[in-house]
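In what follows, a single structure is set out as structure tokens and then discussed.
The values are calculated or read from the model by the stated rules, or taken from the named source; none is laboratory data. Remember, it's a predicted structure, so these values are computed and weren't measured experimentally. Note: accessible area is taken over every heavy atom of the protein model, side chains too, but ligands, DNA and RNA are not part of it. Shrake-Rupley method; radii C 1.70, N 1.55, O 1.52, S 1.80 Å.
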Amino acid sequence: QVQLVESGGGLVQAGGSLRLSCAASGLTFTSYTMGWFRRAPGTEREFVAAIDRSGSTKYNTDSVKGRFTISRGKFKNTVYLQMNSLEVEDTAIYYCAVDRSGSLTSSNSLYDYWGRGTQVTVSS
């Protein structure tokens, strides 16, 4: 059974940093794209970043503006999201997802598996 478990969320002041982790199991994730999405209250789920099997990355440039960095762990079944210079607008539930096709896509409809999310709250 495929499982994605996010961790690392919490409460942080504006300007601070957090590192989110997503541990995946149940598939050979080395061939897949892994992504991060987020959903703020009253909004739709929004693409944040993705990384494919070769290490190529894609970001939602408008929202993260070079503040966030996605990376994969040594054994490829873990993905991280380093978030720096956090803003109140970054407050959301952050979700990890897997795209089995391996494409570097920002479309949430193309991701096959999802974690339950981890809450990130940025205070002013």
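Quick rundown of the values:
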quantity	calculated
Percent accessible area from carbon and sulfur atoms, the stretch 36-124, protein chains only, probe 1.4 Å	45
Sequence-distant residues sharing a close amide H with residue 103 (under 5 Å, placed H)	33
Accessible area per residue, Å², the stretch 22-119 with all protein chains present, probe 1.4 Å	49
Potential lengthening between residue 1 and residue 74 on full extension [0.36 nm per residue; Cα-Cα distance subtracted]	24.1 nm
From phi via Karplus (6.51, -1.76, 1.60), per-residue ³J(HN,Hα) for the stretch 92-101 in Hz, x at Gly/Pro	4, 8, 9, 10, 9, 8, 10, 10, 5, 6
